[in-house]
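Participant: Supplied in structure tokens, the structure appears directly below.
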Amino acid sequence: MNEAINGVALSVVIIWPLLLAIPALHSRLPWPRHLAIIPAAVLLMLPGDPSLELPWLLFGTGFGLDSETRWVLAMSLAVWFTAATITAKSLRLNSAHHQTTTLFLLTLCGNLGAVLASDLVGFFTFATLMGYGFYGLLIQDSNESARRAGRHYLIFLIVADLLLFEALLLAAYTSEDLHFEALDGIMANASSSQSYLWIVFIGFALKAGVWPAHRWLMAASRSASSSSALLLGGVPIAMALFGAVRWLPLGEDAFGISAMIILGVGAMAVIYSMLIIFMRTSFNMWPAWASVAITGLFIATLGVALSYPDVWRQYEYFVYPLIASVGIFMAVLFFNFSRIQRTHHSPAVALPRASILSLWTEQWFDLIQRWVNRRLTGLQSIWRVSQLKMIKQNQRMLNWQKSVTFCFGWGVRITLFVLLGLALAWLAG
Amino acid sequence: MNWNMWFPLLLIATSLLPGLIIFSLAEERVRLRTLLNLSGALVKLALVGWMLWGVYQGHHYETRLPLLPGLDLVLRAGPLSLLFVTLSAVLWLVTTVYAIGYLEGSPNRSRFFGFFSLCVTATIGVALAGNLLTFLLFYELLTLATYPLVVHRGTEEARRAGHTYLVYTIFGGALLLLGTVWLYTLTGTLDFATQGGFLDDLDKAHHPALIIIFALLIAGFGVKAALVPLHGWLPQAMVAPAPVSALLHAVAVVKAGAFGIVRVVYDVFGVEFAAGLGVLGPLAWVAAFTIIYASLRALFQDDLKRRLAFSTVSQVSYITLGVAIAGPIATIGGVIHLVHQGLMKITLFFCAGNLAETLGIHKVSEMDGVGRRMPWTMAAFTIGAFGMIGAPPVAGFISKWYLGLGALEAGQEWVVIVLAGSSLLNAAYFLPILHRAWFRKPPEAWPHEHDFGRKETAWALLLPPVVTALLALGAGLLATAPFSPLEWGKLIAEREFYRP
């Protein structure tokens, strides 16, 4: 009997928001966004660990809720409830409110499905729905800034999804059972474990906006509306961290150098974002950089867990409350800054038009370079003057000068990168 | 008396007879024509359902009629042929409903529906063909039945497209005939083997000749399957009315070409024998090149149907790629894409037709805000587009999953990179359309708007894309349900690779 109730409860959590997403239905109901959350709230109250296996769905998928994922579900519900309340007023004035409500409910469904999915394919499916739905919410303002932010987010999302699809294929090639519990042990010992680890790591790092793949996050935080800003912290970022924990083979085997590199990336993300916050960034960008620092810290934690499986086994029960706290914290942070920005009537900062190349290569060293340049202005100008003396006004030589300046910039960036790495290695040692 | 031998013939007759009667009907006999079309399609569907159950239970359905000394006309229903037959029968019904709505009030409808039925007859014949000769006969009938549909509008552009189509397909047919005759002189038979090919016993001295025959057959089928560089006719043929485009791209012509390639590799040469000859590697490369090249071309098309046409060129090659990878899992991926691509692509073409008929929209650049004006049509389009990209849970995800997994199983990791690249390009040319449709502001006036009252368009135009979009979604969501394309694909792979 209990099993049947649990099964129904789990199904309704996912199906109900999907049904409500149909405009003909939600337009006839009061508070559809709040109504959509109710089954999930009821599920949260149910005792035990409800689970549901659906062998006929996709390749055979399942849903479940245990004491650990309960934390993440609770966080998601809190964030969605707040977002639903915030949007209730503003949507009434919006001519496209049915479309926005549909997107809201589809994203909610994706989020809840990803939290409850007990296997890789289910998670991937719902996370895809959530990702594209969130893209719609992000650009709902239809201004140029929001569109550019959406474009950045979409590019990162597509690349991340492609990588995760490759990881899925590797996992399916290695194991017939794609449930999270079964997969960890198998993937940790598989011949493709290193490839799997890296693909999954990069995929979720792109989704979470982990340094150095944080460009979409900067753009999104600058242009998101209040409700989107709230969801930004609690949905895509928190779910990417959750996904990384679910997909990575943690607590099984030590991953040596790969784990150390991941740890290093996380640590550098923290250092880098702290430097930016304290040295040059504008007030508006603080939440984004804080997010980069927090996700960096989380990645560093994952690096430690991959290095020392025993440590992970000892502390893994803390990770889900940690994700929930991070989600809530970032949601509140993004939301409050967005509110302050709008209260003071400071318009959303228009993004510079980015070239495709700069999109891909990122500009994460740009800020460090500027900082170094300020301190090395004298040296650089002497060097430039000496170059200019040599090349005079010749056009070809001017091009040469440009390329030299470019190389100098990169030289500084690479040197700093190495120095940071060395400092980190020294600290770790 | 064995009733099973009549079923393949009945399947052919259910579209042939209505077609022949419709030719003789006057233009104004709309109701009778509609009745004939729909009843033929429904009877065919019922027969297909019966035969699917029968084949699943292990029954054999074969019609053999003497044609030439030593050569029979053979119609045989096996798992592979029924997969194609089911697709054609289901989509024929849907396309007929759509065509009735689309062509309402336009001239030459009897001619159109007559050739339309002939076209489906030929496709069913191609699917059921039990030997290469029967295949060739129906394949050429398909060319002849489709040409009047391509030039149906009678414009100069349509005539040019029809001319190009004929030149390409007749050239392909000639190559096919040459390869078939040469093969017959070597083997003395053209009957498709039920498991593996029929060339295993041939002397090794014939292997160079077999490689050339393989190339001739693949080139012959490659014209209709739109393998680059033999694809030139397909983007031009999009001048045809939307139901014809849907038929060309999703049901009949390109599918017949792809199905021919499947037949040649599995039932003429046999996968293992073909792999031993070393012909599958180059075939895989050609398919991979087609996938990427056509996706790149699609990226730069502003004409919606032209963009969809290049997308077809790319997507149909997934079938060839799946076959050429030569493994049971990739085989599943290839053959189920025959169905999945059909469902998704027909949805997209129906939607393109709806946009053209209702609002006069032909170009991607004219689609700003169309999602608000035609939400159901664009919702169906969105499902189809996401399926093409390979996003779960739409059917395209299942195809790409099995193709990728099959490539890993066969040790051909480069295929996974091709699939990823193709998905990326698909996203690059489909997502901007969705962005325009859903998130841009609609213009003050549409290019050429028809009034359908409170409805977004006529029911006959709206229902088919919604149904096919739901089928595409269902084929992905319920992939492991009994009788799903995936389960049927597994049955085909099992019979091909795991011999008793």
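Participant: Evaluate the following for B:Tyr147: is it surrounded by 21 or more Cβ atoms within 10 Å (Cβ to Cβ) and closer than 26 Å to B:His249 by Cβ?
Facilitator: Taking the combined requirement at face value, the residue does not satisfy it.
Participant: If you check B:Thr63 against the conditions, is it within 15 Å of B:Gly257 (Cα to Cα) and among the hydroxyl-bearing types (Ser, Thr, Tyr)?
Facilitator: no
Participant: Hey, A:Val200 hits all of (1) under 24 Å from A:Pro287 (Cα atoms); (2) buried (at least 22 other Cβ atoms within 10 Å of the Cβ); (3) at pLDDT 85 or above; (4) within 15 Å of the chain's Cα centre (by Cα) but one; which does it fall short on?
Facilitator: If we test A:Val200 against (1) under 24 Å from A:Pro287 (Cα atoms); (2) buried (at least 22 other Cβ atoms within 10 Å of the Cβ); (3) at pLDDT 85 or above; (4) within 15 Å of the chain's Cα centre (by Cα), just (1) comes out false.
Participant: Right, next: With respect to the numbered conditions (1) of a type in the set (A, V, I, L, M, F, W, C); (2) within 14 Å of chain A (Cβ to nearest Cβ); (3) within 25 Å of A:Ala127 (Cβ to Cβ); (4) in a helix (DSSP H, G or I), which one is the sole condition not fulfilled by B:Leu343?
Facilitator: B:Leu343 satisfies every listed condition except (2).
Participant: Looking at (1) within 14 Å of another protein chain (Cβ to nearest Cβ); (2) among the charged types (D, E, K, R); (3) in contact with a Ser or Thr (Cβ under 8 Å, 6 or more places away or on another chain), which is the only condition B:Asp368 fails?
Facilitator: If we test B:Asp368 against (1) within 14 Å of another protein chain (Cβ to nearest Cβ); (2) among the charged types (D, E, K, R); (3) in contact with a Ser or Thr (Cβ under 8 Å, 6 or more places away or on another chain), just (3) comes out false.
Participant: Between residues in segment B:375-392 that are touching a residue at least 24 places away in the same chain (Cβ under 8 Å) and within 12 Å of chain A (Cβ to nearest Cβ) and residues that are surrounded by fewer than 24 Cβ atoms within 10 Å (Cβ to Cβ) and of a type in the set (Lys, Arg), which pairs lie under 9 Å by C-beta distance while being six or more apart or on different chains?
Facilitator: B:Met378/B:Arg372
Participant: Please note which helices (runs of 4 or more DSSP H) are completely contained in segment A:1-94 and include at least 1 residues that are modelled with pLDDT of 90 or more.
Facilitator: The qualifying helices (runs of 4 or more DSSP H) are A:2-20, A:32-45, A:69-92.
Participant: Here's something else I'd like to know. With the requirement that a residue be modelled with pLDDT under 85 and in a loop (DSSP other than H, G, I, E, B), what does segment A:204-220 give you?
Facilitator: A:Trp211, A:Pro212, A:Ala213, A:His214
Participant: Return yes when A:Ile257 is at negative phi, of a type in the set (A, V, I, L, M), in a helix (DSSP H, G or I) and surrounded by fewer than 16 Cβ atoms within 10 Å (Cβ to Cβ) and no when it is not.
Facilitator: Yes, satisfied.
Participant: Scan segment A:151-174 residue by residue and report those that are away from chain B (no Cβ under 11 Å) and among the acidic types (Asp, Glu).
Facilitator: Selection gives nothing.
Participant: Has segment A:185-197 got any residue that is within 24 Å of B:Tyr402 (Cα to Cα), within 14 Å of chain B (Cβ to nearest Cβ) and surrounded by 21 or more Cβ atoms within 10 Å (Cβ to Cβ)?
Facilitator: Scanning segment A:185-197 turns up at least one residue that is within 24 Å of B:Tyr402 (Cα to Cα), within 14 Å of chain B (Cβ to nearest Cβ) and surrounded by 21 or more Cβ atoms within 10 Å (Cβ to Cβ).
Participant: Among B:Gly384, B:Gly369, B:Gly327, B:Gly360, which is buried (at least 24 other Cβ atoms within 10 Å of the Cβ) and not aromatic (Phe, Trp, Tyr)?
Facilitator: Every option except B:Gly384 fails the conditions.
Participant: Identify, by number, the condition in (1) farther than 20 Å from A:Leu306 by Cα; (2) within 11 Å of another protein chain (Cβ to nearest Cβ); (3) surrounded by fewer than 20 Cβ atoms within 10 Å (Cβ to Cβ) that A:Asp177 doesn't meet.
Facilitator: Single failed check for A:Asp177: (2).
Participant: Hey, another quick one. If the Cβ limit is 7 Å and pairs must be 6+ apart or interchain, which residue in segment B:183-198 that is surrounded by fewer than 15 Cβ atoms within 10 Å (Cβ to Cβ) pairs with which residue that is basic (Lys, Arg) and not in a loop (DSSP other than H, G, I, E, B)?
Facilitator: As it stands, the answer is B:Gln195/B:Arg495, since those pairs meet every condition given.
Participant: Among (1) within 14 Å of chain A (Cβ to nearest Cβ); (2) under 18 Å from B:Gln341 (Cβ atoms); (3) in contact with a helix residue (DSSP H, G or I) (Cβ under 6 Å, 6 or more places away or on another chain), there is one condition B:Leu477 misses while meeting the rest; what is its number?
Facilitator: Here B:Leu477 meets the rest and fails (3).
Participant: Identify all residues within segment B:448-469 that are free of Cβ contacts under 8 Å to residues at least 24 places away in the same chain and within 14 Å of chain A (Cβ to nearest Cβ); write none if there are none.
Facilitator: Once the filter is applied, which keeps residues that are free of Cβ contacts under 8 Å to residues at least 24 places away in the same chain and within 14 Å of chain A (Cβ to nearest Cβ), segment B:448-469 yields B:Arg454, B:Lys455.
Participant: So which of B:Pro465, B:Pro447, B:Pro443 ends up being in contact with a Cys (Cβ under 9 Å, 6 or more places away or on another chain) and more than 30 Å from B:Gly78 (Cβ to Cβ)?
Facilitator: Checking each option against the conditions leaves just B:Pro465.
Participant: Within segment B:94-108, identify whether any single residue is farther than 24 Å from B:Thr134 by Cβ, among the polar types (S, T, N, Q), surrounded by fewer than 16 Cβ atoms within 10 Å (Cβ to Cβ) and touching a residue at least 12 places away in the same chain (Cβ under 8 Å), and answer yes or no.
Facilitator: Yes, segment B:94-108 contains a residue that is farther than 24 Å from B:Thr134 by Cβ, among the polar types (S, T, N, Q), surrounded by fewer than 16 Cβ atoms within 10 Å (Cβ to Cβ) and touching a residue at least 12 places away in the same chain (Cβ under 8 Å).
Participant: Please note which helices (runs of 4 or more DSSP H) are completely contained in segment B:216-278 and include at least 3 residues that are under 25 Å from B:Val94 (Cβ atoms).
Facilitator: Because the criterion is at least 3 residues that are under 25 Å from B:Val94 (Cβ atoms), the helices (runs of 4 or more DSSP H) in segment B:216-278 that meet it are B:233-236, B:242-246, B:253-263.
Participant: Restricting to segment A:15-62, name every residue that is over 20 Å from A:Ala84 (Cα atoms), more than 14 Å from chain B (Cβ to nearest Cβ) and surrounded by 16 or more Cβ atoms within 10 Å (Cβ to Cβ).
Facilitator: A:Pro50, A:Ser51, A:Leu52 - these are the residues of segment A:15-62 that are over 20 Å from A:Ala84 (Cα atoms), more than 14 Å from chain B (Cβ to nearest Cβ) and surrounded by 16 or more Cβ atoms within 10 Å (Cβ to Cβ).
Participant: With the requirement that a residue be in a helix (DSSP H, G or I), within 11 Å of another protein chain (Cβ to nearest Cβ) and surrounded by fewer than 21 Cβ atoms within 10 Å (Cβ to Cβ), what does segment A:137-150 give you?
Facilitator: Across segment A:137-150, the qualifying residue is only A:Arg147.
Participant: Also, I was wondering about something else. Could you figure out which of (1) at pLDDT 90 or above; (2) more than 10 Å from chain B (Cβ to nearest Cβ) isn't true of A:Phe126?
Facilitator: Here A:Phe126 clears every test but (2).
Participant: Go through segment B:415-441 and give me each residue that's more than 19 Å from B:Ala380 (Cα to Cα) and either polar (S, T, N, Q) or not in a helix (DSSP H, G or I) (or both).
Facilitator: Residues satisfying the conditions are B:Ser422, B:Ser423, B:Lys441.
Participant: How many residues are more than 10 Å from every other protein chain (Cβ to nearest Cβ) and over 31 Å from the mean Cα position of the chain (by Cα) if we restrict to segment B:415-447?
Facilitator: The number of residues fulfilling the criteria is 6.
The values are calculated or read from the model by the stated rules, or taken from the named source; none is laboratory data. Small disclaimer: the values here were computed from a predicted structure and weren't measured. FYI the Cβ positions are ideal-geometry reconstructions off the backbone, even for glycines, and counts take in every protein chain you see.
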